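The block underneath contains the structure these notes are about, expressed in structure tokens.
The values are calculated or read from the model by the stated rules, or taken from the named source; none is laboratory data. Every value quoted in this text rests on a predicted model; they were computed, and no experiment measured them. Cβ placement follows ideal geometry from the backbone for every residue including glycine, while neighbour counts extend to all protein chains displayed. Just the protein is used for accessible areas: all its heavy atoms, side chains included, with ligands, DNA and RNA removed. Shrake-Rupley method; radii C 1.70, N 1.55, O 1.52, S 1.80 Å.
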Amino acid sequence: MPSGAVREGGGRGPQARGAAWDGSEPEPSPGRSGGEADTVAAVVRQWRAVHPGLDTGPMEVIGRINRCAALLQQAEDAPLRRAGLSRPEFDLLGALRRTGHELTPGELARETFSSGAAVTKRLKQLTERELVERRGDTRDRRVAHVRLTGTGRDLVDGVLPEQLAYETAVLSVLAPEGQGELAALLADLLGRLEGRMGALRA
């Protein structure tokens, strides 16, 4: 999802935007106090003390989404990390595997919601690891087609079940009905944001 999909502070004016915190920096964690459930709650409490008139509600959602994402990406025991893959790299390999055919770099960018420059960089790294290979288009030399190598396909097929099992374990802190409710809420938010951004680009 594009980082600018929702303005910081929920679009409630210049002061709100200036005060917002998006949770994307996972390292500095303020101390918990008063039985606060998580670090974002502590950050919100501190902002309320500094700017008591501001509505800090948006950062309670966006901050927690970003904080959860940062913690999951940093997890040393995650199968993707053990396989030497970042999530964006795995998403690229996964796009080639699930579509079942060659894709151009432009198509991969759309499939993985990435920039063309980011896809080019990842393809270079994955090609050096012999996980993907390129071939030129017979009619247009400017176009390249990318496909998984046998090694790449085996890696995806081996890591995916392990990664899903890991993510199942991570989510087990929530009851099944809570997971379903969260998935529905996130699907609703994502669908609305994608529709909004699509309309802005049109």
Solvent-accessible heavy-atom area per residue, rounded to whole Å², over segment 64-202 at 1.4 Å: 65
Distance in nm between label sites at Thr168 and Ala183, each 7 Å beyond Cα in the beta-carbon direction? 1.2
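Once you sort the root eigenvalues of the Cα gyration tensor of segment 53-100 as a ≥ b ≥ c, which label holds: rounded (a/c under 1.5), prolate (a/b larger than b/c) or oblate (the other case)?
Working: a/c = 5.41, a/b = 2.07, b/c = 2.61.
The shape class here is oblate.
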Assign one of three labels to segment 107-202, namely rounded, prolate or oblate, based on the Cα gyration tensor with a ≥ b ≥ c the square roots of its eigenvalues; rounded applies when a/c is under 1.5, prolate when it is not and a/b is larger than b/c, and oblate otherwise. oblate
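If a/c stays under 1.5 just call it rounded; otherwise compare a/b with b/c (prolate if a/b is bigger, oblate if not). Do that for segment 45-194, with a ≥ b ≥ c from the square roots of the Cα gyration tensor eigenvalues.
Values: a/c = 2.41, a/b = 1.77, b/c = 1.36.
It is prolate, given that a/c is not under 1.5 and a/b is the larger ratio.
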Do any GluC sites (Glu not before Pro) in segment 104-202 lie in a loop, going by DSSP, with at most 15 other beta-carbon atoms within 10 Å of their beta carbon, and if so which? Glu130
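Calculate what fraction, in whole %, of the accessible area of segment 105-148 sits on carbon and sulfur atoms when a 1.4 Å probe is rolled over the protein chains. Numbers along the way, then the final one.
Values: 1460 of 3100 Å².
C and S atoms contribute 47 percent here.
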Using the 2.2 N^0.38 Å rule of thumb for compact globular proteins, work out how segment 108-152 stacks up: its C-alpha Rg over that value, please. 1.17
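Round to the nearest 0.05 the FRET efficiency obtained for Arg147 and Arg82 when R0 = 25 Å and r is the Cβ-Cβ distance.
The calculated FRET efficiency here is 0.50.
Give the calculated FRET efficiency between Thr99 and Arg45 to the nearest 0.05, with a Förster radius of 35 Å applied to their Cβ-Cβ distance.
Numbers: r = 46 Å, r/R0 = 1.31.
So the FRET efficiency works out to roughly 0.15.
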